[in-house]
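In what follows, a single structure is set out as structure tokens and then discussed.
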Ligand SMILES: NC(=O)c1ccc[n+]([C@@H]2O[C@H](COP(=O)([O-])OP(=O)(O)OC[C@H]3O[C@@H](n4cnc5c(N)ncnc54)[C@H](OP(=O)(O)O)[C@@H]3O)[C@@H](O)[C@H]2O)c1
């Protein structure tokens, strides 16, 4: 790998973008998340390869959070190093996001959604990522013990103070989303985007959230569209030792993979009929909803990223394919 990075001149030639709700911002249809594979436990050379390849293919959006690693904070630190060495000249072409709201530091201010937690966490994230601002700052999860107006006030302050360009929230229910949107709008900092999980085997957002987002003109960026790797060829035969399900800090449980195995096999047959891999079909499927601006993927190798990007070549579904998927994985 060359020491000096020069982005591919044709990086936007085959790239696909979509508007985020009714905002002025466009995001790539596939974005890259750094939750896994970018911690101190992961080789920095692979991290750099994945980020370079992504940007070379027109992926302009990298998604982080204060606690990504392991250990927490290390994904931002590693990203900051690679950013300063490779991507600093391209800052204006990048949409970088971070979040606060999950456990990060000791004491009462290292978690949840108070103004103190959010603003101090964002300041730490900017230092680790070696940037002056992030493009999107998220409340990572709703906080049942902090007034929503305080959390939204912190997002508004993050934007007004120049630490972030846009505000968003993650994992807010339809009702919480509707209320938070009104508060932010009244403050003069509209909510840009909602981040929630969505995949063929997890269709919760279809039960109300997409309706709220469509009404309010807010975009959805959906995480874990591959169900953390279950909707790929990874687990068709067994649980490989280098897979997320086999790793101690992986979050994906082997029991979950085993429980879903027959569905994975059946979905794989539909994907084969479409001339796609299961991963490609799973990505195309989340992108079929008009509310979904971007599919937020993870990848542990450039090979996975390349396979996933090719999903954009075939996004259409026939009615019979959709019906067959509904039968395997109903809403
Ligand atoms: N807001 C939130 O609360 C929240 C929560 C979770 C995630 N997120 C965001 O969403 C991003 C994506 O989440 P995710 O990593 O769970 O997404 P995902 O795309 O569903 O899963 C990614 C994992 O699947 C495997 N994989 C990917 N492509 C593959 C392919 N072509 N063939 C075989 N295996 C493949 C890899 O795991 P292996 O290690 O097995 O190779 C990869 O790390 C995160 O990085 C983060 O930015 C946000």
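Table: residues versus (1) touching a residue at least 60 places away in the same chain (Cβ under 8 Å); (2) closer than 27 Å to residue 184 by Cα; (3) within 14 Å of the ligand (Cβ to nearest atom).
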residue	(1), (2), (3)
38	no, no, yes
43	no, no, yes
71	no, no, no
79	no, no, yes
87	yes, no, no
90	yes, no, no
95	yes, yes, yes
127	no, yes, no
132	no, yes, no
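Summed over region 188-213, residues that are in contact with a strand residue (DSSP E or B) (Cβ under 9 Å, 6 or more places away or on another chain) and over 14 Å from residue 330 (Cβ atoms) total 15. If you go through region 277-287 and keep only what is out of contact with any strand residue (DSSP E or B) (no Cβ under 7 Å at 6 or more places or on another chain) and more than 7 Å from the ligand (Cβ to nearest atom), you end up with 278, 280, 281, 284, 285.
Here 290, 241 are screened, and the one residue that is over 17 Å from the mean Cα position of the chain (by Cα), modelled with pLDDT under 95 and either within 8 Å of the ligand (Cβ to nearest atom) or surrounded by fewer than 22 Cβ atoms within 10 Å (Cβ to Cβ) (or both) is 241.
When we screen 40, 111 for residues that are more than 14 Å from the chain's Cα centre (by Cα) and more than 16 Å from residue 137 (Cα to Cα), the only hit is 40. Just one of the numbered conditions (1) in contact with a helix residue (DSSP H, G or I) (Cβ under 7 Å, 6 or more places away or on another chain); (2) more than 16 Å from the ligand (Cβ to nearest atom); (3) within 26 Å of residue 180 (Cα to Cα) is not true of residue 104: (2).
Only a single criterion out of (1) in a helix (DSSP H, G or I); (2) more than 17 Å from residue 185 (Cβ to Cβ); (3) touching a strand residue (DSSP E or B) at 6+ places or on another chain (Cβ under 8 Å); (4) without any contact (Cβ under 8 Å) to a residue 60 or more places away in the chain is not satisfied by residue 142, namely (1).
Mind checking which residues of region 187-231 are part of a loop (DSSP other than H, G, I, E, B) and within 14 Å of the ligand (Cβ to nearest atom)?
198, 200, 201, 224, 225, 226, 230, 231
Any residue at all in region 182-197 that's at pLDDT 95 or above, more than 30 Å from residue 127 (Cβ to Cβ) and under 20 Å from the mean Cα position of the chain (by Cα)? The answer is no; no qualifying residue exists. Looking across 234, 263, 274, one residue alone is within 12 Å of the ligand (Cβ to nearest atom) and over 25 Å from residue 26 (Cβ atoms). It is 234.
Residue-by-condition table, conditions (1) closer than 24 Å to residue 26 by Cα; (2) touching a helix residue (DSSP H, G or I) at 6+ places or on another chain (Cβ under 7 Å):
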| residue | (1), (2) |
| --- | --- |
| 130 | yes, yes |
| 135 | yes, no |
| 138 | yes, no |
| 148 | no, yes |
| 154 | no, yes |
| 159 | yes, no |
| 173 | no, no |
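For region 160-175, does any single residue satisfy the condition of being part of a helix (DSSP H, G or I) and within 16 Å of the ligand (Cβ to nearest atom)? Among the residues of region 160-175, not one is part of a helix (DSSP H, G or I) and within 16 Å of the ligand (Cβ to nearest atom), which makes the answer no.
The values are calculated or read from the model by the stated rules, or taken from the named source; none is laboratory data. Owing to the predicted nature of the structure, the values given are computational and were not obtained by experimental measurement. Here Cβ is always computed from backbone atoms with ideal geometry, including for glycine, and neighbour counts include all displayed protein chains.
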